[in-house]
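Worksheet for the structure shown next.
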Amino acid sequence: MTPKPTKAPSENSYYNRELSWLQFNARVLQEAEDNTTPLLERLRFIGIFSNNLDEFFKVRYATIKRIADAGKGGRSFLGGISASELMELITQTVIQQQKTSLGILSGIKQELKQEQIFMINETEVSASQSEFIADYFLQKVSPAMVVIMIGELKEFPSLKDSAAYLAVKMEMTKDDTTFTSKNNYALIEIPKNVERFVELPSQDGKKYIIILDDLIRYMLHQIFSIFNYNTISAHMIKITRDAALDIESDLSKSFIDKISKSVKNRSDGDPVRLVYDKTIDNETLSFLMEKMGIKNSDSINPGGRYHNRRDYIKFPSLGRPDLQYEKIKPLHIPGLSLVGSLLDKVAKKDYLLHAPYQTFSYVVKFLREAALDPTVKTIKITIYRLAEVSHIASSLINAVKNGKQVTVQIELQARFDEQANIHYAEQLQREGVKLVFGVAGLKVHCKICVVERLEEGKLKKYSIITTGNFNESTARIYTDYTLFTANQKIGKELNRVFDFFEVNYKIKEYKHLIVSPHYTRTAIYDLIQTEISNTAQGKTSGIKLKLNSLSDTKLIDKLYAASTAGVKIQLIVRGICCLIPGVKNMSENIEVISVVDKFLEHPRLYIFENDGAPKVYISSADFMRRNLDTRVEISCPIYDQQIKEEILETFDICWSDNVKARCISQKQDNVYRNNNNPKVRSQFALYEFYKNKLEN
């Protein structure tokens, strides 16, 4: 079973943000544990769980550690718990979760054997496999491998963040004269540019996989053949470093140069976690910790034989589609053909794209058409995360070559995509795209695009507002809403946002859009207050929200006030949820579920009943302090009645999920919602919903 948290929610009104995030990652782990999830997909959920944990330690745990190291309690910042206490709770919870994940992984490997798929280690290699491994090692592994003899080095090498290393211990023979000490040590960095899972030749219809770590272990005697030793052993270690960017203030350097240097310096960040193979001997572990300057007060996690289990995300398919999710074919939007002018069609009517159920090709088509249309004069777009090979970037470059004025606001501080965005920024700049780097102290997280086309002597605006990224890769696995509209009032206000990027001492006014950091908090307060007032007057009221995270305590207080006033509130929150539902005289009218399934739930959606005339917004903003106060975010109203009804229906489908929905409660135990209603798996039901729309 997935582990329960080590400590119940504190006495106050909010669940701790970091512990809530760990409960989200426990839900990811539940997918790996779920026997109804296809077998190879379960392995990939192990990878997602591990990758999430790495990022958590790089960012959130590192922040808490900085607070503790500064000698500050941090209780006010961390919601009533001290930094040191929280670090201990996190470490206990993670150790428990890691233990569970290892058990799940072991079970999956046993089930793979029933499918004639065998994951073998270095002790199980046959004679024929030995020949293949020796050749593979010589051709692929050895040229990419770094081996460092550390036993007698005066200065210990700086280990790379999140890289996996084999810590090798050699017990030298009595007649060895190479080293002064009885034991000598080496580090082997597991190459990142070699596949982690090596498929060996099939035998009798059976497939064999050896993990790269074990392949290297098998070759240890060859690697260290010049030394005289009695025994040799290798255990894996990994450190995670603080991922904060330290951006220098040198005015003579461009912003791109500053971010680029800061990303490079990240590799020297302070260690915040050591994970090691729990079977390593104490002498070797003590030696390594001393050399790395890691104290017992740091997060030290005993783990299994293998680390960087995030690599399971890319576990090979092995020609077994029956052990994977069935690939769906993204659908078309009813009434919106990809043939002919998309801009002409949007001029007549708003359209909504719901990825990945519907094809992201509409976004690419929109920009490609704008790049070619001679009447299009300007394109403005915000970029947060692009695909590795981006058709979006290609279209923008194409537009410049066709004489369009293209403005791109690119967020160079998009967490862990900084290097990719620097690359794209430099490429776009070389091609003549006008780059804007946003506002000092504010991340630009909104995803918008405005195209201006000359029609009858006037510039007409065509806009895209999306809850996701302009990224064709993630559009296949993230659920998101994208609105195409020629509403001139919305287009005009989007232009004001772009103006703010360049002249940010002027605060713009908006009648339609809700824009952070200036207006979102008060606008949401007002919308909630309207529902409270409507309840008091006996009018129809209700609040429905779909979010990635809910942690802002002031907004939570406002939702508590609405609940106390009698407003029924339905929340679908994928990740962090600091709100505690179902508490008498505080939140008894609030229900919260979390859906974790095949696709990553990513949209932000706000629905306010408004006495029978619902106000509906799609948004880039979660209910977190950063989204409300320190980022540029946009919430866009849905005015088209048909689209509004579609969004309301899709929310209700998600809310009716009783297969992959977990109830968020005071207990924080991630219990699956179980009721007597017909089974609804919302992601599958939504695909059928859109399929039926095309057929009817």
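The values are calculated or read from the model by the stated rules, or taken from the named source; none is laboratory data. Note that the structure is a prediction, hence the values are computed from the model and not measured. Neighbour counts are summed over all protein chains in view; Cβ atoms, including those assigned to glycine, are modelled from backbone coordinates with ideal geometry.
In table form, for the structure just shown:
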read-out	value
Unmet criterion (only one of (1) under 31 Å from the mean Cα position of the chain (by Cα); (2) not assigned by TED's automatic domain parsing to the domain that holds Asp311) for Ser158	(2)
One residue from Ile607, Ile528, Ile593, Ile572 being of a type in the set (A, V, I, L, M, F, W, C) and in a helix (DSSP H, G or I)	Ile528
The range 164-186, residues that are without any contact (Cβ under 8 Å) to a residue 60 or more places away in the chain and surrounded by 20 or more Cβ atoms within 10 Å (Cβ to Cβ)	Met172, Asn184, Ala186
Residue within the range 564-572 that is surrounded by fewer than 22 Cβ atoms within 10 Å (Cβ to Cβ), of a type in the set (A, V, I, L, M, F, W, C), modelled with pLDDT of 95 or more and under 21 Å from Arg662 (Cα atoms) present	no
Some residue of the range 611-628 being part of a helix (DSSP H, G or I), touching a Ser or Thr at 6+ places or on another chain (Cβ under 6 Å), aliphatic (A, V, I, L, M) and farther than 17 Å from Leu686 by Cα	yes
Condition broken by Ser665, with the remaining ones in (1) within 26 Å of Tyr351 (Cβ to Cβ); (2) modelled with pLDDT under 95; (3) of a type in the set (Ser, Thr, Tyr) satisfied	(1)
Filter result for the condition that a residue is crowded, with 19+ Cβ neighbours inside 10 Å and closer than 20 Å to Tyr510 by Cβ, over Ala661, Ala621	Ala621
Test: residue in the range 99-120 that is over 29 Å from Ile48 (Cα atoms) and free of Cβ contacts under 8 Å to residues at least 24 places away in the same chain	no
Filter result for the condition that a residue is crowded, with 24+ Cβ neighbours inside 10 Å and over 19 Å from the mean Cα position of the chain (by Cα), over Ile634, Ile607	Ile634
Cβ-Cβ under 8 Å pairs, at least 6 apart or on other chains, the range 305-321 side small (Gly, Ala, Ser), far side assigned to a loop (DSSP other than H, G, I, E, B)	Ser317/Gln324
Lone qualifier among Thr540, Thr479 - being hydroxyl-bearing (Ser, Thr, Tyr), in contact with a Gly (Cβ under 6 Å, 6 or more places away or on another chain) and either in the same structural domain as His354 (by TED's automatic domain parsing) or over 16 Å from Lys447 (Cβ atoms) (or both)	Thr540
Sole exception among (1) buried (at least 18 other Cβ atoms within 10 Å of the Cβ); (2) assigned by TED's automatic domain parsing to the domain that holds Ile647 for Asp557, by number	(1)
Phe501, sole failed condition from (1) under 30 Å from the mean Cα position of the chain (by Cα); (2) of a type in the set (A, V, I, L, M, F, W, C); (3) within 22 Å of Tyr362 (Cβ to Cβ)	(3)
Some residue of the range 403-418 being among the aliphatic types (A, V, I, L, M), under 28 Å from Lys458 (Cα atoms), crowded, with 21+ Cβ neighbours inside 10 Å and in contact (Cβ under 8 Å) with a residue 60 or more places away in the chain	no
One residue from Tyr357, Tyr424 being within 30 Å of Phe684 (Cβ to Cβ) and of a type in the set (Ser, Thr, Tyr)	Tyr357
Number of positions in the range 482-498 that are outside any strand (DSSP E or B) and either outside the structural domain of Tyr462 (by TED's automatic domain parsing) or under 30 Å from the mean Cα position of the chain (by Cα) (or both)	8
Count of residues meeting criterion [surrounded by 15 or more Cβ atoms within 10 Å (Cβ to Cβ) and under 26 Å from Met172 (Cβ atoms)] in the range 135-146	4
Any hit, the range 429-436, residues being at positive phi and either in contact with a Pro (Cβ under 8 Å, 6 or more places away or on another chain) or surrounded by 18 or more Cβ atoms within 10 Å (Cβ to Cβ) (or both)	no
When residues of the range 69-87 are limited to those that are part of a helix (DSSP H, G or I) and at pLDDT below 85, the one surrounded by the most Cβ atoms within 10 Å (Cβ to Cβ)	Leu78
Yes/no for Lys544 being touching a residue at least 12 places away in the same chain (Cβ under 8 Å) and assigned to a loop (DSSP other than H, G, I, E, B)	no
Odd one out for Gly582 among (1) at positive phi; (2) touching a Lys or Arg at 6+ places or on another chain (Cβ under 9 Å)	(2)
Extreme residue, surrounded by the fewest Cβ atoms within 10 Å (Cβ to Cβ), among residues of the range 147-163 that are farther than 22 Å from Asn230 by Cα and in contact (Cβ under 8 Å) with a residue 40 or more places away in the chain	Ser158
Scope the range 189-246; condition crowded, with 20+ Cβ neighbours inside 10 Å and basic (Lys, Arg); matching residues	Arg196, Arg217, Lys238, Arg241
Some residue of the range 46-63 being without any contact (Cβ under 8 Å) to a residue 60 or more places away in the chain, more than 24 Å from the chain's Cα centre (by Cα) and either crowded, with 16+ Cβ neighbours inside 10 Å or under 21 Å from Leu318 (Cβ atoms) (or both)	no
Residues of the range 11-58 satisfying the condition of being farther than 28 Å from Glu85 by Cβ, assigned to a helix (DSSP H, G or I) and not charged (D, E, K, R)	Ala32, Leu39, Leu40, Leu43, Phe45, Ile46, Gly47, Ile48
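Table: residues versus (1) more than 26 Å from Cys449 (Cα to Cα); (2) of a type outside the set (Phe, Trp, Tyr).
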{"residue": "Glu601", "(1), (2)": "no, yes"}
{"residue": "Phe623", "(1), (2)": "no, no"}
{"residue": "Asp629", "(1), (2)": "no, yes"}
{"residue": "Ile634", "(1), (2)": "no, yes"}
{"residue": "Asp669", "(1), (2)": "yes, yes"}
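Here's the yes/no breakdown for (1) β-branched (Val, Ile, Thr); (2) part of a loop (DSSP other than H, G, I, E, B); (3) under 30 Å from Lys238 (Cβ atoms):
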position: Asn301; (1), (2), (3): no, no, yes
position: Tyr306; (1), (2), (3): no, yes, yes
position: Leu318; (1), (2), (3): no, yes, yes
position: Asp322; (1), (2), (3): no, no, no
position: Lys327; (1), (2), (3): no, yes, no
position: Leu338; (1), (2), (3): no, yes, no
position: Val346; (1), (2), (3): yes, no, no
position: Phe366; (1), (2), (3): no, no, no
position: Glu369; (1), (2), (3): no, no, no
